[in-house]
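*Asks:* I have a structure I would like to understand better, so I am pasting it below and will then ask my questions one at a time.
The values are calculated or read from the model by the stated rules, or taken from the named source; none is laboratory data. What you are looking at is a predicted structure, and each value in this text was computed from that prediction instead of being measured. Neighbour counts are summed over all protein chains in view; Cβ atoms, including those assigned to glycine, are modelled from backbone coordinates with ideal geometry. SASA here: full protein model, heavy atoms, side chains in, ligands and nucleic acids out. Shrake-Rupley method; radii C 1.70, N 1.55, O 1.52, S 1.80 Å.
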Amino acid sequence: FIPEFRTEADAVFAVSNASKITGFSNWSQVCGSILVTDQNWAYLKENMGFSEEFVREYQPGIVNFLLRGGSSMVRPLYNELQYRNESEKNCEALRRIVQAELMGQFYKLKYFAGDLKQEIHYPIQEAREDVWKQNLSLTRLGLMAKEVDDFYHTLRLGELPHGTCLSYRTGSQRECLLAAFDSNKKIILVKKDETVVARACLRLTKGAFQKPPAIDFSFADLSQENTATGKSAAGEKAVLFLESVYTSRLNDIEKEEVMKLAVSLTTQKAAELGVVAVLARKYLGCYERDEYVLAPFYVYISKSKNGWQYLDSLGGAAYTSAKEEYVEHPFLVIQTAMHHAGAHNRNEVDYE
């Protein structure tokens, strides 16, 4: 089969299923039969309502999906979602994600026009959104860190570099996995010798040093008309937030290098975006001296098309997006943002 392999997925599938494909004379036969022999695909096709016409039209994408083990990853997650709250909504969300991947239009769905602005309730210019979509990578001391946002890495978020509560197979919080497909979320993977040894979630959101007022549309209180009107929503700023890192098979020195690399990537990405870099407290000291300052800061829990999210850096809790919410914690905030905040406060004092 080797001369006919065109992708890494072909080779991986052949090795994983060697005993099942020995009876085929060429790779085309293997690919042609997979639509019939893959029982997970048969299940998904029926339950997700993919017609024969759809299968014929998008067969190349479906075959690639099956060769990459997509059906064996999606089926256990789909089964679990059927028994969760809002199961119909969650199953439909997963169906649309899978459908987009099969059609070769996953990124159109992930970064669908206008979704990013709605998720974080903040004006994002098109140029900044374009920078956000581009994946950055850094290499240092034999380690490579890179942003990933594709279907397969996102689905395997809870398995990299080891099993967590977001595992599509066994995770207790796996219903929150769908939120990782939102426009404002990416993953930083760190590899050592081609093996994933660390991962962390990256969120483009907003934040503030003072808690912004709740969005509550009601009649004005005329007695308060002339007070506290000039604070511009407590100084909301676009924020790139790096959540806690998960590592595997690393010694203490390597763990520190991995964390420093993740922080460097986040710092560079935030600078390219022109937003404030904010880190989970776990990264204390993993940066140039005085580059970040530990301070109370409000981070916005973005809206999600899924409804439930899991934040590694806020006590391991899952949050609903039914209402907009800010969460205040001691976070590491890049020093330049502190200077701007201090200057803003001094101006207010001088004015008063």
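*Asks:* Going through K117, K108 one at a time, which residue ends up being modelled with pLDDT under 95 and assigned to a helix (DSSP H, G or I)? Spell out how you get there, then give the answer.
*Replies:* Values: K108 fails: modelled with pLDDT under 95.
None of the others qualify; the one that does is K117.
*Asks:* Quick test of your reading of the structure: A322 fulfils all but one of (1) aliphatic (A, V, I, L, M); (2) at pLDDT 80 or above; (3) open to solvent by 50 Å² or more (accessible area, probe 1.4 Å). Name the failing condition by number.
*Replies:* Of everything listed in (1) aliphatic (A, V, I, L, M); (2) at pLDDT 80 or above; (3) open to solvent by 50 Å² or more (accessible area, probe 1.4 Å), A322 misses just condition (2).
*Asks:* Of all residues in the range 277-294, count the ones that are open to solvent by less than 30 Å² (accessible area, probe 1.4 Å) and either within 18 Å of the chain's Cα centre (by Cα) or modelled with pLDDT under 95 (or both).
*Replies:* Of the residues in that region, 4 qualify.
*Asks:* For the range 43-54, which positions are surrounded by 14 or more Cβ atoms within 10 Å (Cβ to Cβ) and in a helix (DSSP H, G or I)? Break it down stepwise before answering.
*Replies:* Taking the range 43-54 as the starting set, the residues that turn out to be surrounded by 14 or more Cβ atoms within 10 Å (Cβ to Cβ) are 43-45, 47-48, 50, 54.
Those that are surrounded by 14 or more Cβ atoms within 10 Å (Cβ to Cβ) and in a helix (DSSP H, G or I): Y43, L44, K45, N47, F54.
*Asks:* Can you tell me which residue is farthest from A198 (Cα to Cα) among those in the range 123-141 that are assigned to a loop (DSSP other than H, G, I, E, B) and open to solvent by less than 40 Å² (accessible area, probe 1.4 Å)? Reasoning before the result, please.
*Replies:* Taking the range 123-141 and keeping what is assigned to a loop (DSSP other than H, G, I, E, B), we get 123-125, 134-136, 141.
Now drop any that are not open to solvent by less than 40 Å² (accessible area, probe 1.4 Å), which leaves 124, 136.
On the way: I124: 30, L136: 16 Å.
Among those residues, the one meeting the criterion is I124.
*Asks:* Out of the range 32-41, which residues are surrounded by 14 or more Cβ atoms within 10 Å (Cβ to Cβ), under 31 Å from the mean Cα position of the chain (by Cα) and in a helix (DSSP H, G or I)?
*Replies:* I34, L35, N40, W41, listed by residue number.
*Asks:* Moving on. Out of (1) open to solvent by less than 10 Å² (accessible area, probe 1.4 Å); (2) under 18 Å from R156 (Cα atoms); (3) at pLDDT 95 or above, what's the single condition that is false for R96?
*Replies:* Every listed condition holds for R96 apart from (1).
*Asks:* To continue, here is another question. Give the number of residues within the range 167-180 that are open to solvent by 10 Å² or more (accessible area, probe 1.4 Å) and under 26 Å from T267 (Cα atoms).
*Replies:* Residues meeting the conditions: 1.
*Asks:* Pairs please, first residue from the range 172-183 and without any contact (Cβ under 8 Å) to a residue 40 or more places away in the chain, second anywhere and of a type in the set (S, T, N, Q), Cβ atoms under 7 Å, 6+ apart in sequence or on different chains.
*Replies:* A180/T154
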